[in-house]
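Notes for the one structure printed next.
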Amino acid sequence: MAEIARKALGAGLPVATAGTDHAAGPIVADVWTGHDLGFVLLLHRRDDGYFAEEVYYSLRGLDDGEEGWTGCDHLSGGLLGFDPEDASARVEVLAGHAMAIVTESESLVHTGRVAENEGDELVRVVELLVTSEADVLEVENLTGPSRHRRSLRSALALIVLLPGDHIHVRAARSTRSAHLPVGDVIELSHSPDSTTDRGWL
């Protein structure tokens, strides 16, 4: 799976789409990059038939003398408990909302941004299930500040927060002339010492 994640970062491999054959092997559900950091969300069906997710991490730099993404390390993973592309399961988990947090974790990774702790920082990784009514996520980092839109090519979206980040996420639907909001904003924040959510806005 680590090699699948690395290829996804380096070559922009297609992510999951509705109707993807999960039995064919792990598929790339989403990719998050920023600050020379790369995170990949993989989805796969276990031998017992249940769906599971895995998150891998890489740092952009020199690997074997070549510039690019270094070998991916496994950060987290576990039982998802439902097929995110199954329409009825998606509706049940969302419970009327446009987005829902389905898993989250904190991991110590080498970011190279800070001098202390040998450049390691505690990052927060959040996985969102998004309604089929949306095709993009609008992500605003109030710390930067910065704002960008991310196209959705699967039901799952990966959000990564570095220490101090305060992020607003909203699902939206594209039209010919605009992006129409779908549902409420989710507010996520991550401090060096604790993780706090203010929830829906």
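Here are the numbers for the structure shown:
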read-out: Failed item in (1) part of a loop (DSSP other than H, G, I, E, B); (2) of a type outside the set (A, V, I, L, M); (3) on the phi > 0 side of the Ramachandran plot, with Asn117 passing the rest; value: (1)
read-out: Matching residues, segment 164-187, being surrounded by 18 or more Cβ atoms within 10 Å (Cβ to Cβ) and at positive phi; value: Gly183
read-out: Only listed residue being of a type outside the set (Val, Ile, Thr) and touching a Ser or Thr at 6+ places or on another chain (Cβ under 8 Å), chosen from Ser76, Ser151; value: Ser76
read-out: Search result, residues across segment 91-113 that are open to solvent by less than 40 Å² (accessible area, probe 1.4 Å) and either without any contact (Cβ under 8 Å) to a residue 24 or more places away in the chain or outside any strand (DSSP E or B) (or both); value: Leu94, Ala98, Thr111
read-out: Output for segment 124-138, where each listed residue is part of a strand (DSSP E or B) and open to solvent by less than 30 Å² (accessible area, probe 1.4 Å); value: Arg124, Val125, Val126, Glu127, Leu128, Leu129, Val130, Val136, Leu137
read-out: Residues (assigned to a loop (DSSP other than H, G, I, E, B) and open to solvent by 40 Å² or more (accessible area, probe 1.4 Å)) located in segment 139-163; value: Leu142, Thr143, Gly144, Pro145, Arg153
read-out: The one condition in (1) open to solvent by 20 Å² or more (accessible area, probe 1.4 Å); (2) at pLDDT 95 or above that Asn117 fails to fulfil; value: (2)
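The values are calculated or read from the model by the stated rules, or taken from the named source; none is laboratory data. Please read all numbers here as calculations on a predicted model, not as lab measurements. Note that we place each Cβ from the backbone using ideal geometry, even for glycine, and neighbour counts take in every protein chain shown. What goes into the accessible areas is simple: the full protein's heavy atoms, side chains included, and nothing from ligands, DNA or RNA. Shrake-Rupley method; radii C 1.70, N 1.55, O 1.52, S 1.80 Å.
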